[in-house]
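For reference, the structure is listed below as structure tokens.
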Amino acid sequence: MRDSETFTANAMRCREEADAATLDNVRDRCLRAEAAWVAMASRSRRSEKARDDRVATVA
């Protein structure tokens with residue numbers, strides 16, 4: 001499993017926790033965590049694509 005997939009799964013888990021939260025501060029914390037995981041997944045996908053492109057160029 002690639003890092004971006006793990007980060008995306010974590011973001012989805014945080015969204016589910018936010019949806020289930022009954023306290024505003026818990027919901028906000030989960031939504032902030034989700035945003036962080038989404039950003040990490042996006043950066044990871046860019047890195048993975050660049051790495052794949054380099055490998056394809058060498059091969």
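The values are calculated or read from the model by the stated rules, or taken from the named source; none is laboratory data. Nothing here was measured: the structure is a model prediction, and the numbers come from that model. Surface areas here come from the heavy atoms of the whole protein model, side chains and all, with no ligands, DNA or RNA. Shrake-Rupley method; radii C 1.70, N 1.55, O 1.52, S 1.80 Å.
In table form, for the structure just shown:
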item	result
Area accessible to solvent at ASP19, 1.4 Å probe radius, in Å²	110
Over the chain, volume per residue of the alpha carbon convex hull, in Å³	48
Segment ALA59-ALA35, length gained on full extension (0.36 nm per residue, minus Cα span)	5.0 nm
VAL38, VAL26, VAL58, ranked by accessible area, largest first (probe 1.4 Å)	VAL58, VAL38, VAL26
Sulfur and carbon atoms: percent of accessible area, the stretch 17-59 [1.4 Å]	58
Solvent-accessible area per residue for the chain (1.4 angstrom probe, square angstrom)	75
Degrees separating the helix 3-20 axis from the principal Cα axis of the chain, which is the longest one	10
Principal-axis tilt of helix 24-58 within the chain, Cα atoms, nearest 10 degrees	10
